[in-house]
Amino acid sequence: MIPAYPRATMMAAVCDALEAGATLRQVAARPGWPSRQTVHRWAVEDAAFAARLAEARNLRRGVRVQARSGFDPELAEAVLLRVRRGETVRVLVRTPGMPNRARLDRWKAEQPDFAVALAEAARFSRDVKDRAWARYDPEAAGAVIVRVNAGETMASVCADPDLPGETALRRWRARDPDFDKALRAAQRAGHRARMAARVKLTPELSEEILLRMAYGASLRQVAMAPGMPHYTTLMAWQRRDAGFARMVEMGRREGAVSRWM
């Protein structure tokens, strides 16, 4: 049976909602959101989620002695250190034990000194990486092309501390037309690889389609979203796959409820 929501996405959304002040009962009452029993089962099965859930509930109840935003000076220093060492914020906010994107944004808004320090840490990391890759390296350039050609995005490749960053790659492309041409070809091939992977009806794609419909989108509107399968493909899946057809019907019902909320 196809689940009604992407589990990892909803785990993060539940914790964010609790931090914002909602109760678990209120969260479970939202259309398309997991029940309290499901959330409790997730916590039993996933220790990291259980810890994150407890932290979110403590923040809502005011257990922490820090500011309402949950600013933690020790954790903030750990964030700054990892960013200075080359880890990107995009990766960091998805790392267990680190603040998520919403919490980090609150820290930046409510702690101006931390916001400045984070920007300086990111700048320092970029400068170090740019100096390290100031000269063209054929081996590193080849590794970039191979990974991009396989479907990895440029942002993901540049986030690797063992490969050149965006600034170094721009410099290499400007100085070496052959490298620029090869990288452009790799980007086109990588895009085709990602699109080919997306048009397969995977459980993750099914969950994403259902979630979009549960929030009120029609099947045609889902097909118009960037990176989603063509409407003709979705209709063909409906005809051939009874499970997918039931999921689409479920999404339509959830979406109808959402539009009237």
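Rundown of residues vs (1) surrounded by fewer than 16 Cβ atoms within 10 Å (Cβ to Cβ); (2) over 17 Å from the mean Cα position of the chain (by Cα); (3) of a type in the set (D, E, K, R); (4) outside any helix (DSSP H, G or I), yes/no style:
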{"position": "Ala8", "(1), (2), (3), (4)": "yes, no, no, no"}
{"position": "Ala13", "(1), (2), (3), (4)": "no, no, no, no"}
{"position": "Val27", "(1), (2), (3), (4)": "no, yes, no, no"}
{"position": "Pro34", "(1), (2), (3), (4)": "no, yes, no, yes"}
{"position": "Ala50", "(1), (2), (3), (4)": "yes, yes, no, no"}
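Between Glu139, Glu152, which is of a type outside the set (A, V, I, L, M), assigned by TED's automatic domain parsing to the domain that holds Ala185, under 22 Å from the mean Cα position of the chain (by Cα) and within 30 Å of Gly190 (Cα to Cα)?
Glu152
Looking at Pro203 and the list (1) in contact (Cβ under 8 Å) with a residue 60 or more places away in the chain; (2) in contact with a helix residue (DSSP H, G or I) (Cβ under 8 Å, 6 or more places away or on another chain), which single condition is not satisfied?
(2)
Can you tell me which residue among Ala236, Ala223, Ala242 is without any contact (Cβ under 8 Å) to a residue 12 or more places away in the chain, on the phi < 0 side of the Ramachandran plot and touching a His at 6+ places or on another chain (Cβ under 9 Å)?
Ala223
Just to be sure, is Ala134 farther than 21 Å from Arg194 by Cα, exposed (fewer than 14 other Cβ atoms within 10 Å of the Cβ) and either of a type in the set (D, E, K, R) or modelled with pLDDT under 90 (or both)?
On the way: farther than 21 Å from Arg194 by Cα: yes; exposed (fewer than 14 other Cβ atoms within 10 Å of the Cβ): yes; either of a type in the set (D, E, K, R) or modelled with pLDDT under 90 (or both): yes.
Criteria met by Ala134.
Tally up the residues in region 161-218 that are assigned by TED's automatic domain parsing to the domain that holds Gln238, crowded, with 18+ Cβ neighbours inside 10 Å and more than 22 Å from the chain's Cα centre (by Cα), please.
Residues that pass the stated criteria total 0.
Do any residues in region 246-261 that are at positive phi have Cβ atoms under 7 Å from those of residues that are modelled with pLDDT under 85 and not in a helix (DSSP H, G or I), where the two are at least six apart or on different chains, and which pairs are they?
none
The values are calculated or read from the model by the stated rules, or taken from the named source; none is laboratory data. Keep in mind that what you see is a predicted model, and the values were worked out from it rather than measured. Here Cβ is always computed from backbone atoms with ideal geometry, including for glycine, and neighbour counts include all displayed protein chains.
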